[in-house]
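Derivation of every value follows stated rules applied to the coordinates shown; laboratory data play no part. This structure is a prediction, so every number in the text was calculated from the model and none was measured. Neighbour counts run over all protein chains shown; Cβ positions are idealised from the backbone, glycine included.
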Amino acid sequence: MAGTVSHLKDLDYSVVQQCMHCGMCLPDCPTYDATKLERNSPRGRIALMRAIADGELEATRTFGEEMYFCLGCLACMTSCPAGVNYAELFEHARAEVEAQKVLANPKRSFIRRWTIGWLFMDLKWLRFVGWWMRLYQRSGLQRLLRAVGLMRLLPKNLREMEAMTPTVQPKFSAAIIDETTPAVGEKKHRVAMLVGCAQDLIFSDVNRDTVEVLAENSCEVHTPRNQNCCGSLHAHNGEWGLAQQLARRNIDQFPPDDYDAIITNAGGCGGHLKHYAKLLAGDAKYEARAHAWDAKVKDVHEWLADIGIKIPKSNGSETNVTYHESCHLCHGQGITKQPRELLRAIPGVTLTELPEANWCCGSAGVYNITQPEMAGQLLRRKVEHIKTTKSEVVATANPGCLLQVQNGCDREGLNIRVAHPVTLLAEAYRREK
Ligand code: SF4
Ligand code: SF4
């Protein structure tokens, strides 16, 4: 592999050597819990990464498969007493896998080129695909094909994927959110709203709810058109260079000095958006601006807790709600109490703690597509815990979790709604009016 970039060898060695092999992260790692194999544990994976960084091991196909068997859930970071930055190691390890092409094959390369390399680099094409999907779903064609059993002719993995296809929203964010939404009452803050990529297609309603909630809390909200993906998909899948391109575009589109905060409502995006300075380290033009950017990016729950939530006055009906934590919100950003406080602030809501609330639901980006077996195990475990809470609503703050948990509940025939906490708050404000 002479001549190719080595992301692990080039990584700051203080990050590579942090692990002291204590094993305290092992009980919290979902893949280790499932297999009890050291190689499927954080400690085992870090040992492999370090061996490559030390030049004792070459990146191989087995190494690549191991890095993609890891969920990237970052539960190991929460439990690690030594403060190992597994997020950074994991991103560099996957970048190493891609740089050394140890998993490359024509089908995989084709899919990656057209999705990560094209659709998610220029969101007008993603919206174009979303528009056709919406037509397919709303014209009745999808229902017809399912009813006549045509889907049964598909290979098992495609059939399962088709069954999980999310419903595309009737309108995308730009059609339901103004470029500038004034604050309700006195304006105290000026914020920008990130609408996301898949989030814009599948949960534009959650984006609208977020803007409404921000406006209710004295924020003037700017939602620029033609936004870019945050790049987490790229960074988590080893495409470091593409993630850097997207970070630069976002900083240009949302100059940090123009806003009090740059708001995201997706746990998975927020975990990545707050680390542009690391991504753009050494970039003479962008590094300083990336530091300013990182300081301004706020998860919506975090921001509302910072400025103080306006408590809705409405008397909603009594609702039993439980809360599933997005991995990158709790383990990646350390945001755990703010979403719970927001839910408790809604009149009528009783919050019941979910056992293993911070255990991954198996969504993990595209993990439920690439590793359906492990993802399915995790989802079944999650749904069993949800049942014990006897909740009518599961609140969760990441598009992947919203889809995954709703799919799991629907498959079991449970009459449970899965909703973003901010949606529940927006509904409470609307009831006031
Ligand atoms: S990120 Fe999650 S799956 Fe991967 S090693 Fe850490 S705890 Fe295990
Ligand atoms: S990652 Fe942290 S908790 Fe896990 S073995 Fe290393 S030092 Fe211990």
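For the chain, what does the alpha-carbon gyration tensor say about shape, rounded, prolate or oblate, given a ≥ b ≥ c as the root eigenvalues, a/c under 1.5 as rounded, and a/b over b/c as prolate? Present the calculation step by step, with values, prior to reporting the outcome.
Numbers: a/c = 1.41, a/b = 1.26, b/c = 1.12.
Note, shape of the chain comes out rounded.
FRET efficiency for THR35 and ARG430, Cβ-Cβ distance as r, R0 = 60 Å, nearest 0.05?
On the way: r = 47 Å, r/R0 = 0.78.
The formula returns an efficiency of 0.80 here.
Report, for the chain, the % of DSSP beta bridges that are antiparallel, rounded to 5.
On the way: 2 of 22 bridges.
About 10 percent, rounded to the nearest 5.
Step through the table entries LYS36/LYS274; LYS188/LYS274; LYS171/LYS310, compare each Cα-Cα distance with 30 Å, and write down the pairs that go over it.
Violating the 30 Å Cα-Cα cut-off are LYS36/LYS274.
Rounded to the nearest 0.05, what FRET efficiency is calculated for ALA51 and SER109 with R0 set to 22 Å and r the Cβ-Cβ distance? Could the numbers behind the result be given before it?
On the way: r = 27 Å, r/R0 = 1.21.
After rounding, the FRET efficiency stands at 0.25.
Too long at a 28 Å Cα-Cα cut-off: which of LYS187/LYS298; LYS107/LYS387; LYS296/LYS337? Write out the running numbers ahead of the final one.
On the way: LYS187/LYS298 19 Å; LYS107/LYS387 39 Å; LYS296/LYS337 20 Å.
Pairs exceeding the cut-off: LYS107/LYS387.
When Lys and Arg each count +1 and Asp and Glu each count -1, what net charge do the other residues less than 12 Å away from LEU425, Cβ to Cβ, add up to? Please list the in-between numbers first.
Values: positive: LYS310, ARG344, ARG430, ARG431; negative: ASP209, GLU212, GLU216, GLU341, GLU427, GLU432.
Charge balance near LEU425 sits at -2.
For segment 275-367, rounded, prolate or oblate, judged on the Cα gyration tensor with a ≥ b ≥ c (square roots of eigenvalues), a/c < 1.5 rounded, else prolate if a/b > b/c? Write down the numbers at each step before the final one.
Details: a/c = 3.94, a/b = 1.72, b/c = 2.29.
Verdict is oblate for segment 275-367.
Shape call for segment 154-250 from the C-alpha gyration tensor, a ≥ b ≥ c root eigenvalues: rounded (a/c under 1.5), prolate (a/b greater than b/c) or oblate? Please report the intermediate quantities before stating the final value.
Values: a/c = 3.20, a/b = 1.56, b/c = 2.05.
Verdict is oblate for segment 154-250.
Taking the Cα centre of segment 369-433 as the origin and placing charges on Cβ (Lys, Arg +1; Asp, Glu -1), which of LEU403, PRO372, VAL418 is farthest toward the positive end of the dipole?
Value computed over the given set: VAL418.
If R0 is 35 Å, what FRET efficiency do you get for LEU145 and ARG380 from their C-beta distance, rounded to 0.05? Mind dumping the intermediate values first?
Numbers: r = 28 Å, r/R0 = 0.79.
Between LEU145 and ARG380 the formula returns 0.80.
Tally Lys and Arg at +1 and Asp and Glu at -1 over the other residues with C-beta under 15 Å from the C-beta of ARG108: what net charge comes out?
Numbers: positive: ARG61, ARG94, LYS101, LYS107, ARG112, ARG113; negative: GLU65, GLU98, GLU239.
Taking every Cβ under 15 Å from that of ARG108, the sum is +3.
Quick one: putting +1 on the C-beta of Lys and Arg, -1 on the C-beta of Asp and Glu, what dipole do you get for segment 374-433 around its Cα centre, in Debye to the nearest 20?
On the way: 10 positive and 6 negative charges, 10 e Å.
Value, rounded to 20: 40 debye.
Could you sort the peptides 243-249, 382-388, 182-188 by per-residue average Cβ neighbour count (10 Å cutoff), highest mean leading?
Details: 243-249: 20.4, 382-388: 17.4, 182-188: 12.1.
Order by mean packing, descending: 243-249, 382-388, 182-188.
Among ASN265, ASN237, ILE251, which residue has its Cα furthest toward the positive end of the charge dipole of segment 229-281, with +1 on Lys/Arg Cβ and -1 on Asp/Glu Cβ?
Most positive-ward Cα: ASN237.
I want the local charge near ARG289. Using Cβ-Cβ distances under 15 Å, sum +1 for each Lys or Arg and -1 for each Asp or Glu among the other residues. Display every interim value, and only then the final one.
On the way: positive: ARG248, ARG249, LYS274, LYS278, LYS285, LYS296; negative: ASP252, ASP257, ASP258, ASP283, GLU287, ASP294.
Local charge sum for ARG289: 0.
Which parts of segment 19-52 would a label at ALA82 reach, counting a residue when its backbone N lies under 13 Å from a point 7 Å out along Cα-to-Cβ?
Correct set: 19-26, 42-51.
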